[in-house]
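Have a look at the structure below before the remarks.
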C-alpha cells in the first residue's frame, strides 16, 4: 500500500503531465481537504519531493488568496543543463549525496543506468584511493568528488 506522501506526489506529477506548460498552480488547503490531511502534510510533500535536485521549483504565496505554483525545470540548451548541474553539485559533495543526485538525474532522463553506474564507480574509487593511498581529508575528498562529478556530467551533456 502506498503512503499518503506518495499518493499526493503522484497526483501532483499527473497534474504536471497533463499541463503542457510544465507548471501547475494549487491551493494548499484544497489539496489537503482532497486527501484528508493537514496542510503541513502538503508542505512536507513539496519540500521533500519537489526540489531543484529532482527538477522542480516551488513558489508559494500564503494568505487568503495564497497558492502554490510548481514548475518543472526544462532545459533547451546544453549550457542551461551544465549551469544547473554545477549549482546542484556545488563545491563539495559526499558519495551518498552524489548517488542520490545521479538517481534523480537518471529518473529525469539526463543520464542512463549505465552512465550512472560508471560515475558511481569512479566516485567510489576516488573516495577509496583518497582515503587509503593519499590520506586525503574527508572534506578534500568531497571537493575532488564534486569536481569529478561535474566534469563527467558536463562531458555527457556535450557529447
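The values are calculated or read from the model by the stated rules, or taken from the named source; none is laboratory data. It should be emphasised that the depicted structure is a prediction, and the values quoted were computed from it without experimental measurement. With ideal geometry, Cβ positions are generated from the backbone for all residues, glycine too; neighbour counts draw on all protein chains shown.
Some notes on this structure:
- Per-region count, segment 1-45, residues touching a residue at least 40 places away in the same chain (Cβ under 8 Å) and outside any helix (DSSP H, G or I): 6
- Flag for residue 48 being within 14 Å of the chain's Cα centre (by Cα), within 29 Å of residue 140 (Cβ to Cβ) and without any contact (Cβ under 8 Å) to a residue 60 or more places away in the chain: no
- Count - residues of segment 91-107 that are surrounded by fewer than 13 Cβ atoms within 10 Å (Cβ to Cβ) and under 23 Å from residue 49 (Cβ atoms): 2
- Residue that is surrounded by the fewest Cβ atoms within 10 Å (Cβ to Cβ), among those in segment 2-30 that are in contact with a strand residue (DSSP E or B) (Cβ under 7 Å, 6 or more places away or on another chain) and closer than 20 Å to residue 73 by Cβ: 25
- The set of residues from segment 50-83 being in contact with a helix residue (DSSP H, G or I) (Cβ under 8 Å, 6 or more places away or on another chain) and closer than 28 Å to residue 127 by Cβ comprises 52, 53, 54, 55, 81, 82.
- If you go through segment 55-65 and keep only what is touching a strand residue (DSSP E or B) at 6+ places or on another chain (Cβ under 7 Å), farther than 14 Å from residue 45 by Cα and surrounded by fewer than 13 Cβ atoms within 10 Å (Cβ to Cβ), you end up with just 61.
So that you can scan it fast, the table gives a plain yes or no per residue for (1) assigned to a helix (DSSP H, G or I); (2) at pLDDT 90 or above; (3) outside the structural domain of residue 53 (by TED's automatic domain parsing); (4) within 15 Å of residue 56 (Cα to Cα):
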{"position": "82", "(1), (2), (3), (4)": "yes, no, yes, no"}
{"position": "87", "(1), (2), (3), (4)": "yes, no, yes, yes"}
{"position": "93", "(1), (2), (3), (4)": "no, yes, yes, no"}
{"position": "96", "(1), (2), (3), (4)": "yes, yes, yes, no"}
{"position": "102", "(1), (2), (3), (4)": "yes, yes, yes, no"}
{"position": "118", "(1), (2), (3), (4)": "yes, yes, yes, no"}
{"position": "123", "(1), (2), (3), (4)": "yes, yes, yes, no"}
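- Selection of segment 109-143 for residues being surrounded by 13 or more Cβ atoms within 10 Å (Cβ to Cβ) and under 23 Å from residue 52 (Cα atoms) yields 110, 111, 115, 116, 117, 119, 120, 123, 142, 143.
- Summed over segment 74-94, the residues that are in contact (Cβ under 8 Å) with a residue 24 or more places away in the chain and farther than 15 Å from residue 150 by Cβ give a count of 1.
- Filter result for residue 58 (assigned by TED's automatic domain parsing to the domain that holds residue 8, within 28 Å of residue 99 (Cβ to Cβ) and either assigned to a helix (DSSP H, G or I) or within 23 Å of the chain's Cα centre (by Cα) (or both)): yes
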